[in-house]
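The values are calculated or read from the model by the stated rules, or taken from the named source; none is laboratory data. Quick caveat: nothing in here was measured; it's all calculated off a predicted structure. Here the Cβ is made from the backbone with ideal geometry for all residues, glycine too, and neighbour counts use every protein chain on show. Please note that ligands, DNA and RNA were not included when accessible areas were found on the heavy atoms of the full protein model with its side chains. Shrake-Rupley method; radii C 1.70, N 1.55, O 1.52, S 1.80 Å.
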Amino acid sequence: MKITKAVIPAAGLGTRVLPATKAMPKEMLPIVDKPSIQYIVEEAVNSGITDILIITNRGKGIIEDHFDRTPMLENALEKGNKTELLDSIKDIHKLANISYIRQIETKGLGHAVARAKTFVGGEPFVVMYGDDVIIGDVPATKELIDAYGKHGKGVLGVKKVDAKDIYKYSSLKVENIHDNIYKCTDMIEKPQTEKEVLSLFSVQGRCILPPEIFDILENTKPGAGGEIQLTDAMRELATTVGMTAVEYSGKRYDMGNKLGILKASIDVGLEHDEVKDGLKEYIKELAKTL
Ligand code: UTP
């Protein structure tokens with residue numbers, strides 16, 4: 001079955017980036033000149049996704065504004081012959097069919113994804129975590145969709161994390177199938193002890209889920225941090241029908257974390273035509289003083 005729908009949960013509180021995220025959704029924090037959620041929507045579109053549901057909450061209306069038209073601004077740029085700037089904004093609203101739903105209470109990623117039941121219907125769909133930007137030659141979501149086509153099970157986008165960091169993430173029990181493709185048979189969210197760590201592979205920002213996940217989520221009790229964890233629901237799939245894990249090729253930036261935001265700005269800035277020369281010069285000079 002062709003996968004055309006994506007869900008972007010963007011209703012978190014963003015406490016790790018306060019005070020920046022007191023009034024500004026973390027998903028709108030820019031990487032050089034584009035909000036991070038636009039990178040995610042573009043990744044979806046470049047992977048064949050046509051319909052996107054963004055899960056928001058109070059104070060995140062600016063995300064809807066960003067993907068809307070801006071006639072006054074467009075007219076002003078047109079009149080001023082600012083063609084390049086006009087081109088950078090005029091088609092944002094055409095990227096995909098984007099709809100929105102609110103998560104009234106912030107009860108965790110699993111609870112947020114459960115809001116997408118009506119939108120998803122009976123199809124498999126992609127979940128793209130709203131604060132994980134992945135940049136690479138091939139869109140990560142496309143790599144996951146290809147794996148779904150071959151293996152027909154739910155797919156997890158994974159990366160290995162440092163041993164000291166695995167306690168902040170999920171940890172997966174995996175077995176290599178070939179190259180970057182693994183079979184996943186178990187997982188745990190935020191292991192507490194070394195014994196609980198199943199491997200250093202962790203779900204990092206993307207997954208493809210079958211619609212059966214909604215029934216599972218309805219019965220998922222609060223887990224780590226008192227939140228309804230998507231990992232706990234996916235564990236049921238992994239331990240019964242199994243899931244496929246794909247170590248995607250792009251680089252992931254955690255935009256919910258101060259260091260992740262800085263790294264993204266530097267890496268993207270060093271590739272950005274307008275600023276790369278100035279930034280390189282600045283970094284070289286700065287490095288001499290470090
Ligand atoms: P995070 O755990 O990173 O989001 O969830 P958070 O709660 O904003 O993080 P803190 O406060 O800095 O620790 C990963 C993704 O899931 C979304 C977030 O917006 C983020 O994109 N999310 C999380 C929801 O949509 N709803 C929730 O209840 C929790």
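Structural remarks
- Helices (runs of 4 or more DSSP H) within segment 192-289 that include 2 or more residues of a type outside the set (Asp, Glu), open to solvent by 30 Å² or more (accessible area, probe 1.4 Å) and under 30 Å from Pro30 (Cβ atoms): 258-269, 276-288
- Residue satisfying all of: in segment 96-153; small (Gly, Ala, Ser) and within 13 Å of the ligand (Cβ to nearest atom); surrounded by the most Cβ atoms within 10 Å (Cβ to Cβ) among these: Gly130
- Scan segment 1-19 for residues that are modelled with pLDDT of 95 or more and either away from the ligand (no atom under 14 Å from the Cβ) or among the aliphatic types (A, V, I, L, M) (or both) and the total you get is 10.
- Flag for Ala23 being among the small types (Gly, Ala, Ser), more than 10 Å from the ligand (Cβ to nearest atom) and either open to solvent by 50 Å² or more (accessible area, probe 1.4 Å) or at pLDDT 95 or above (or both): yes
- Of the residues making up segment 79-119, those that are polar (S, T, N, Q) and either out of contact with any strand residue (DSSP E or B) (no Cβ under 8 Å at 6 or more places or on another chain) or within 25 Å of Ile145 (Cα to Cα) (or both) are Asn81, Thr83, Ser88, Asn97, Ser99, Thr106, Thr118.
- The set of residues from segment 62-76 being open to solvent by less than 60 Å² (accessible area, probe 1.4 Å) and either charged (D, E, K, R) or farther than 22 Å from Pro25 by Cα (or both) comprises just one member, Glu74.
- Taking the criterion of being closer than 22 Å to Gly157 by Cα, in contact with a strand residue (DSSP E or B) (Cβ under 9 Å, 6 or more places away or on another chain) and outside any strand (DSSP E or B), the residues of segment 120-137 that qualify are Val120, Glu123, Pro124, Tyr129, Gly130, Asp131, Gly136.
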